[in-house]
Amino acid sequence: MKTKINLEDILTKLGSNEARAIAISKLVEKDYLPISQIERAVEVYEKAGRFVHAADTALKAGMNERAVELYQRAVEVYEKAGRFGDAADTALKAGMNDRAERLRNLADLIK
């Protein structure tokens, strides 16, 4: 017989907010999680500057507008760092096709 696991107990035992965010993001697709926990995970990723992870988690939870905002922030960070290939890939995830194409062309020129 399966033992029911208390998610709050598990999350409390994890050592950091980022570890909790990772656990929540992995569970988003598999189990029902309260939106408050998902939002908290997205915020933790965002504060850590991990915008793609935040966006991926938001997208899995159906928070599409939030995901697009976070992908856009990630694109800006990648552009400023000169990581144009990563920026292009992320722009595609956000549906920014024209921008992704320009970034991909720029990445190809730099190679």
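Since every read-out is calculated from the coordinates, none of them should be taken as a lab result. Just so it is clear, the structure is predicted and the values come from calculations on it, not from any experiment. A quick note on method: Cβ atoms are made from the backbone with ideal geometry, for glycine too, and the neighbour counts reach across all protein chains shown.
Some observations on this one:
- Where labels lie 7 Å past Cα in the beta-carbon direction, separation of S16 and A48 in nm: 0.6
- Out-of-range pairs (alpha-carbon distance over 25 Å; input K60/K111; K60/K80; K47/K80): K60/K111; K60/K80
- Area projected by the alpha carbon convex hull of the range 14-110, averaged over all directions, nm²: 6.4
- Length gained when the stretch N105-N64 is fully extended (0.36 nm per residue, less Cα-Cα span): 12.0 nm
- Applied to the range 72-86, the Karplus parametrisation 6.51 cos²θ - 1.76 cosθ + 1.60 on θ = phi - 60° returns per-residue 3J(HN,Hα) values of 4, 5, 5, 4, 4, 5, 4, 4, 4, 8, x, 9, 5, x, 5 Hz, with x for Gly and Pro.
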